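Bear in mind that the values in this text are calculations on the coordinates, not laboratory data. Note that the structure is predicted; figures quoted are calculated from it, not measured. Please note: Cβ atoms are built from the backbone with ideal geometry, for glycine as well, and neighbour counts cover all protein chains shown.
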Amino acid sequence: MLRRGLNRLFGGDERRVDSRTVYVGHQPCPSTQAFVPPKFCDNRIVSSKYTVWNFLPKNLFEQFRRIANFYFLIIFLVQVIVDTPTSPVTSGLPLFFVITVTAIKQGYEDWLRHKADNEVNNYPVNVLENGRRTQKESKKIKVGDIVEVLEDETFPCDLILLGSSRDDDTCFVTTASLDGESNHKTHYTVPDLESDLEVLNATIECEQPQPDLYKFVGRMHIHKDGQEPAVRSLGPENLLLKGATLKNTRVVYGVAVYTGMETKMALNYQGKSQKRSVVEKSINGFLLVYLCILLSKALVCTTLKYVWQNQRGQDEPWYNQKTQKEKEANMFLKMFTDFLSFMVLFNFIIPVSMYVTVEMQKFLGSFFITWDRDFYDREIQEGALVNTSDLNEELGQVEYVFTDKTGTLTQNNMEFIECSIDGFQYKYQDSRTELDGFCVTDGPVSKLQQKAGREKEELFLRALCLCHTVQVKEAGQGVGFADQVDGVDVASAVEQRGFIASSPDEVALVKGAMKYGFTFLGLESKSMKILNRNNKIEKYELLHVLNFDPVRRRMSVIVRSPDGETLLFCKGADSSIFPRVRQEEVERIRMHVERNATEGYRTLCVAYKRLTDEVFARVDAELREARLALQDREERLVAVYNQVEKGMNLIGATAVEDRLQEEAAETMEALQSAGIKVWVLTGDKMETAKSTCYACRLFQRSTELLELTVRTLEEGGRKRGERLHELLLDYHKRAVQDAPPPKGGVTRTWSSAAQEYGFIIDGTTLSLLLNASSDVVSSNYRSLFLQICQNCTAVLCCRMAPLQKAQIVKMVKNSKGNPITLSIGDGANDVSMILEAHVGIGIKGKEGRQAVRNSDYAIPKLKHLKKLLLAHGHLYYVRIAHLVQYFFYKNLCFILPQFLYQFFCGYSQQPLYDAAYLTMYNICFTSMPILAYSLLEQHICIEILLENATLYREVAKNAMLRWGPFLCWTLLGIFQGLLFFFGVHCLFGNSALQDNGQVFGNWSFGTIVFTILVFTVTLKLALDTRHWTWINHFVIWGSLAFYVFFSFFWGGIIWPFLKQQRLYFVFANMLSSVSAWLVIILLILLSLLPDILWAVLRKPRGPHAQQKKSAGQSNAGGPQSFSKPLLMRTLSDESNTVL
Amino acid sequence: VMASGYSAKEEDGHHSGALGPAGGAAVRSRKPDNTAFKQQRLPAWQPILTAGTVLPAFFIIGLLFIPIGIGLYVTSNNIRELQIDYTGTESSSPCFACSQNYSWNMTTPCVCSVSFSLDQPFESNVFMYYGLSNFYQNHRRYVKSRDDSQLNGNLNSLKEPSKECEPYRTNDGKPIAPCGAIANSLFNDTLALYYNDPNGTETQIQLVKRGIAWWTDKHVKFRNPVGDDSNLTAIFQGTAKPVNWQKPVYELDSDPENNGFINEDLIVWMRTAALPTFRKLYRIIEKNSSTSPTLPRGNYTLKITYNYPVRSFEGRKRMILSTISWMGGKNPFLGIAYITVGSICFFLGVVLLIIHHKYGSRSSSADLTH
């Protein structure tokens, strides 16, 4: 739908003019001057990215396009080219590792794609060539080939259906693999074709390939000897898409129009746009800071080096002569290489391993969502699904939740509740006893104790039976259980008969009519059969279906009754029906409709119109003409529809109940107390949506509703624009100016003193608001609107078209402060907002799988959102934030001593640590504990997070990755770095540190600093760990032990491949010195002192106190605390005010 | 140190179905496994740092560190150390003449002597160090200018030293052994110590030159090359001496166990110092009897064969006599640091105690008020 809208917006017209001509069966047509076989691509599908030949260069190119990898490549190259203090291995090895692992992973994935491609490309297909059936490999199909497809086979390319084995020239397909909708769709052969395809001489003119699955415009010219070519229009109903599967039909023949990469499936096969999380932006910000630190360090060192060298005898003392090459080198070139050398020396401050660890953390961490049994739904037998692991932490940052209503807040499990015919209410009670007593059943609210006439009743029921696109699933023709699981056609087989429809409302209505005695038997060769109350079969000839679309919000059928009357039945939303019927009829029904809507039912109005023969003939001609149009076909069709659906007679209205999802109210309440603003975006009517909001406790009784809808706009009787302006200002005054500043207190108070506001807006008003006369006014309105909305606890947007949903999300997303948005929905109409929001969540609901496919995360039920955000999101955020800060911190205090050392070694780029330590620090010694932490940490355990939704606010607004905490971490890193270096420096005032008088050298110095460093950063993490599982113990103590073991090992052997045995027995000698031990212990303790103090002195925060509290509580009455969170909150509020 | 609550969370009572072949297809549904790990329910220890738990730790650290610090400080103070700067840049200095008339190819060594007196006797073994200042042994160009493989006795490296040794790699086309800037700049002053008896006689004090290098360096890392001939001179045939050396490497010492690459003076020098001001162990004066001190109170003369030029880079040369304790040489830093940290901890402990005592009663409700 989004795409359709976009096409309309961005004038895809130029492309549509550009059409292709297909010669059916490659037969030259007589009329054209010369037969030039057009060139189209073959039917080979290439989803793989690489071939054997281009894998290496292409993959490397793609990997080095990432800024981080590129940076490390540059560092590596500098090390190779320039004489640098550390060998290229130190940065080359990690980089090589990262690149290789990624390349192997991508290569493997591509190999799988190659395999799948080959399977598809080599699939044998029957092609009719000159009347003979030959078998070809799928990849050899050319445009124009006539292809034979058998039942349960998938179509090898996009085909125009020419012939079917079914009598009614139709075939059934499922498009489960394309859009996930597993219902059977009917496709039609091109009308009035010869059955003998060999002699068929035709050309097809159709638009160039485009990705919209539901759109196709074409025209077929059939040439017969000596006659003017006959023209047939082709639409999506004639097009069989590659990837769809033929069902319930023995065999079909079709001509290939789009092949290979030009098929709609291939055009739709493209990666979704990458969403980047806020954390990543923070990382990039910090990275920039560290890059500046790095550059300034290198600059400072280079400058000082040259200042120092200018002193007498320092540049080249007799004991340390330069080589000939160094003497001859250009001064400026030397300065530059010195600068690069310093860069290389300090480059560890930006570690490769952070990227690896972050990626691993995200990838592995996302498994916890899929593994969570709380997300498992018994009904659909599935758990949660993670489509991207990039956004895990974003789940902990959500400020706005945009939710769809139908299927998300509600179950989308429709049940026919009541109807109103001609102003009389009929409530269906029990079918068994009063099947015949429809007439007698009394509506308690009806004004008059009088019934509509039998005639009206039957007309209404017939309308329900006829005006839909439901298919009857023939009993016995096993569709298989698997299809039903998907939820589209759960309609239980009443009388061994199931109904299949794309919308559950329609099934509910048809079933409702069945309860009242009118049974829809099915569509057979263009005639709909109805079993009426007298068990007689009525046959209606289906002349036209005026399809439903969300803009018109109604659909119609034109049928010819058995009496020969031509009737138009229309059903749709009240707002779209009422203006099109006679007004005196409206009033009688409106009351019922509104009452039903306030009770949370979905209402539809049903109208009909008798068409005279002349009128019908005109309409018929117009419709056919519009359908044949190659350009603007849809617009023209809609125009005709709108013209026909006028002046109708309202017969009645229906009410269908859509029950709330399990725990919908609790979930919404939890989200609200977590400080998340919930907006409901629905296509439904206002009253229905409002009542759902009340039911979900999004609106409380005390909530003051600010309504900005067509109704309120028209109240004043003035122009809408003026009224809109006035209302906006008024609401703004009430909700924003008069309200106490929302961030005044520590948290939002829940006491009754503060008035809560709810805001309601509808689609019409929204578009009025957004498309105001001038840009200035529009942006002014927009900001007013946003400000009002931000001060409301809940916002309801009803009557939204899918694109408007996305518009709203976009508007909020781009508003001040760039809040994190989350969209949750289950249907195709939510896809646009799911794609638009920072985090898109799909519900594995009943309306197909479109939403799930386009989402970032999919969950079976709405109630799972609570745990997903409050527990998983919160934890992921805390974990990754800590991970990022810790990484920067540990590399800062790693590199700072090395920087300080330059001041004592003549700015000669002498590394403080051995190359092995430089390389291994981030890879082995300190990486595993933080990875384990970032996967397992629960600073507050899950149960408490779920019980106290307010805890979510503690991490709101990227709390742990803002500049404040970053500064704290950086200062800690600087403090520790200084301490490590100068502590050991003081110790080395006398380097005789052993009891045998022998002295330590520079490598001992570095090793002592490094030992303190490794222990300090690991123990610092240990201090931060609140959740010690055996894995944490193992990894933390294990990596310390590994460090000690490695140091012994590394220093214990004369390594033949090393040029210098720098560390030979350095570590062991260090341990034999008591002074070294003492200084190590002292400095570790002193470095950790600020942390310990901080942990003790910071104001004791809620979680721990609550932890204890709730521990006591859960013993007493665990479930109670769950069911009455509101009460608890008010209680704690009171204590709040008392103290 | 930490208050700990060991909360082993219990797993859900029921296991995921009957895990057996019978349950087969049904159990292998997409329902996630009910393992503690996958459900993030691993039993965990959840330590919480609070004032109450950290307080005793602070006091313990304080009470532990202050005595240690005092012990260290006293130990350091008990170490006798004497430093004599003999650079000779000042005209009053006895080595002034030597330092001024310096040239590399001097035939007669310049000898100067410095007299000093010890006010207190040096007990036990006394260690003699030489100290250099403003000498950048840790300069990168210098640090890497060595060939460990050559020093380890590798014959190939002996003939073909590593490129890192440039510009001290070859001399007149012959490979230098030992190559590199470090070896080339070997400290070559000779220090001799004389005790001036009150009766006027001057007795030379026995200086031991073994045991000044790390054992592993002496026995594993540094090795003389082994050839057909056991004679070192023959093995080093075809190599050149480092340009600034007066003697080739095989003539460093008469003792075959201290000659060539395993000469301990060379080994000590090859362990590059961490900072530009450093000391290196030169000789050991061993305790000779249990009754008399190693270096009794009195006057001494230090005779220096002045070979090593430091004036060009404004360096200083020192001779250091020091006794050694279990913690090494004299360094008050550790003692002071321990006393300081101990005091800080103790002080913090007191402050925290006051805070805890004063506000502790309300700390449980603190989270509600704020």
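Here are a few things to note about the model shown:
- Inter-label distance, nm, simple model (7 Å from Cα along the C-beta direction), A:Glu663/A:Tyr123: 4.1 nm
- For chain B, the list of Cys residues with no other Cys C-beta under 4.7 Å reads B:Cys345.
- 0 to 90° range, to nearest 10: angle between helix B:51-78 axis and chain B longest Cα axis: 10 degrees
- Computed magnitude of the charge dipole of the stretch A:751-901 (debye, nearest 20; Cβ of K, R +1, Cβ of D, E -1): 500 debye
- The stretch A:997-1077: trypsin sites (Lys or Arg not before Pro) falling in loop per DSSP and having at most 15 other Cβ within 10 Å: A:Lys1059
- Nearby lysines by direct alpha-carbon distance to A:Lys334 (threshold 21 angstrom, same-chain neighbours under 8 apart not counted): A:Lys297, A:Lys305, A:Lys322, A:Lys325, B:Lys144, B:Lys163
- Share of pairwise Cα separations in the protein assembly as shown, more than 69 Å, in percent: 30 percent
- The stretch B:83-323 - charge dipole about Cα centre, Lys and Arg +1 at Cβ, Asp and Glu -1, debye rounded to 20: 600 debye
- For A:Gly647, net neighbour charge (Lys/Arg +1, Asp/Glu -1) across residues whose Cβ lies under 12 Å away: +3
- Across the options B:Cys110, B:Gly200, B:Asn138, the greatest Cα extent toward the positive end of the charge dipole of the stretch B:83-323 (unit charges at beta carbon of Lys, Arg, Asp, Glu) belongs to B:Asn138.
- Cβ-Cβ FRET estimate between A:Trp318 and B:Phe37, R0 fixed at 45 Å, reported to 0.05: 0.10
- From helices alone, the protein assembly as shown scores -12500 deg cm²/dmol at 222 nm; the rule is -39500 (n - 2.57) for each run of n ≥ 4 DSSP H residues, then divide by the residue total.
- Cβ-Cβ FRET estimate between A:Leu112 and A:Glu524, R0 fixed at 51 Å, reported to 0.05: 0.70
- Each residue of the stretch B:139-151 is assigned a 3J(HN,Hα), and the resulting list reads 5, 4, 4, 7, 4, 8, 7, 7, 10, 5, 6, 5, 5 Hz, derived from the Karplus form 6.51 cos²θ - 1.76 cosθ + 1.60 (θ = phi - 60°), x at Gly and Pro.
- Longest exposed-site-free window of chain B, the sites being chymotrypsin sites (Phe, Trp or Tyr not before Pro) in a DSSP loop that have at most 11 other C-beta atoms within 10 Å: B:105-325
- Residues B:Asp119, A:Asp632, arranged from fewest to most other Cβ atoms within 10 angstrom of their Cβ, appear as B:Asp119, A:Asp632.
- Charged-residue dipole, Cβ positions (Lys, Arg, Asp, Glu), the protein assembly as shown about Cα centre, Debye nearest 20: 2880 debye
- When the Cα positions of B:Phe261, B:Phe236, B:Gly211 are compared along the charge dipole of the stretch B:180-323, B:Gly211 comes out farthest toward the positive end, with charges on each C-beta of Lys, Arg, Asp and Glu.
- Over 28 Å (Cα to Cα) - which of A:Lys264/A:Lys685; A:Lys49/A:Lys805; B:Lys287/B:Lys317; A:Lys215/A:Lys816 fall in this group: A:Lys264/A:Lys685; A:Lys49/A:Lys805; A:Lys215/A:Lys816
- At most 16 other Cβ within 10 Å, DSSP loop - GluC sites (Glu not before Pro), the stretch A:919-959: none
- R0 of 30 Å, Cβ-Cβ distance A:Phe332-A:Ser87: FRET efficiency to nearest 0.05: 0.70
- Folded to 0 to 90 degrees: helix B:332-363 orientation relative to chain B principal axis, Cα: 20 degrees
- Computed over chain B, relative contact order equals 31 percent, with contacts defined as Cα pairs under 8 Å that lie 6+ residues apart.
- Loop-located chymotrypsin sites (Phe, Trp or Tyr not before Pro) in the stretch A:94-128 whose Cβ has at most 11 other Cβ within 10 Å (DSSP): none
- For chain B, the residue among B:Thr75, B:Phe333, B:Asn224 whose Cα projects farthest onto the positive side of the dipole built from Cβ charges is B:Phe333.
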